Amino acid sequence: PRNMGESGYEDEGAARMLLELHQQFLVLDQDADWTAFQVVILPDTITLTAALIEKADRYLSGGGLILGSGESLLNDDRSAMAIDAGVRVVGRSSFDPDYLQVAANDAGDVLIKSPVVIHGGAVDVLPEGAAVLLSRVDPCFNCTWEHFTSHQHAPHLNISPYAGATLTGRIAYF
């Protein structure tokens with residue numbers, strides 16, 4: 001895990017996503033003031049120090065929104081959330097990649113209703129007060145030398161008991 005301000009692939013991925021969406025953004029370091037922003041997106045592997053947890057709590061209390069992904073909201077030993085996101089951490093997914101799918105009760109007018117592959121290995125979380133926006137879908141198996149498919153990814157199989165994306169209060173997490 002890296003501290004805020006140390007660059008990695010997740011920073012590049014977030015920047016590409018925001019550029020493709022034609023969204024203005026600013027990359028912040030750990031000393032930056034968050035109050036000028038409506039939304040703060042935390043990269044997958046940031047470690048929330050005590051100072052950043054306090055900053056996040058103040059920011060949320062002031063009406064800000066946080067989008068966290070991967071390990072970004074976890075405590076130092078990755079066993080629980082460092083800030084309350086309405087989910088309980090169970091551990092790391094045994095699958096990589098796995099899939100996300102729009103939760104059945106929210107499908108509505110969503111164009112893509114089939115599972116979408118997500119690389120990197122997810123954090124297994126169970127909702128405890130959070131609304132589930134996306135379900136996780138497990139693949140049939142992890143592709144290894146012992147388990148091979150001629151496709152890039154193993155096909156999806158079952159809806160996982162773990163949430164794929166959640167929303168609670170002013171925090172979205174996936």
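Report the extension gain between residue 114 and residue 30 in nm, rounded to one decimal, defined as 0.36 nm multiplied by the number of residues separating them, less their alpha carbon distance. Display every interim value, and only then the final one.
Details: separation 84, 0.36 × 84 = 30.24 nm, distance 3.78 nm.
Result: 26.5 nm gained on full extension.
Can you list residues from other chains, or at least 5 along the same chain, whose modelled amide H is less than 5 Å from the amide H of residue 133?
For residue 133, the qualifying residues are 165, 166, 167.
Quick check: with the 1.4 Å probe, what order do 47, 35 take by accessible area, largest first?
On the way: 47 20, 35 105 Å².
Reading off the accessible areas and sorting them downward yields 35, 47.
List the chymotrypsin sites (Phe, Trp or Tyr not before Pro) within the range 5-64 that DSSP assigns to loop and that have no more than 15 neighbouring Cβ atoms inside 10 Å. It would help to have the intermediate numbers written out before the result.
Values: sites: 9, 25, 34, 37, 59; in loops: 25, 34, 37.
Sparse-neighbourhood loop chymotrypsin sites (Phe, Trp or Tyr not before Pro): 25, 37.
How would 55, 113 rank on accessible area, largest to smallest, probe 1.4 Å? Don't skip to the answer; put the middle values down first.
Numbers: 55 30, 113 105 Å².
If we order 55, 113 from most to least accessible, we get 113, 55.
Could you tell me how many cubic angstrom of Cα convex hull volume the range 35-83 has per residue?
Values: hull volume 3.1 nm³, N = 49.
For the range 35-83, the hull spanned by Cα atoms encloses 64 Å³ per residue.
Over the heavy atoms of residue 65, what accessible area does a 1.4 Å probe trace out, to the nearest 10 Å²?
Here the accessible area works out near 70 Å².
Amide H to amide H, which residues 5 or more places from residue 41 or on other chains are under 5 Å from it, using H placed in the peptide plane?
The answer is 67.
What's the local net charge at residue 93, with K and R +1, D and E -1, over the other residues with C-beta under 14 Å away? Please report the intermediate quantities before stating the final value.
On the way: positive: 78, 92, 136; negative: 44, 71, 96, 98, 124, 138.
Neighbourhood net charge equals -3.
The values are calculated or read from the model by the stated rules, or taken from the named source; none is laboratory data. The structure presented is a predicted model; accordingly, all values stated were derived computationally and were not measured. Every residue, glycine among them, receives a Cβ derived from its backbone with ideal geometry; neighbour counts consider all protein chains shown. Areas reflect the complete protein model, heavy atoms only, side chains present, ligands, DNA and RNA absent. Shrake-Rupley method; radii C 1.70, N 1.55, O 1.52, S 1.80 Å.
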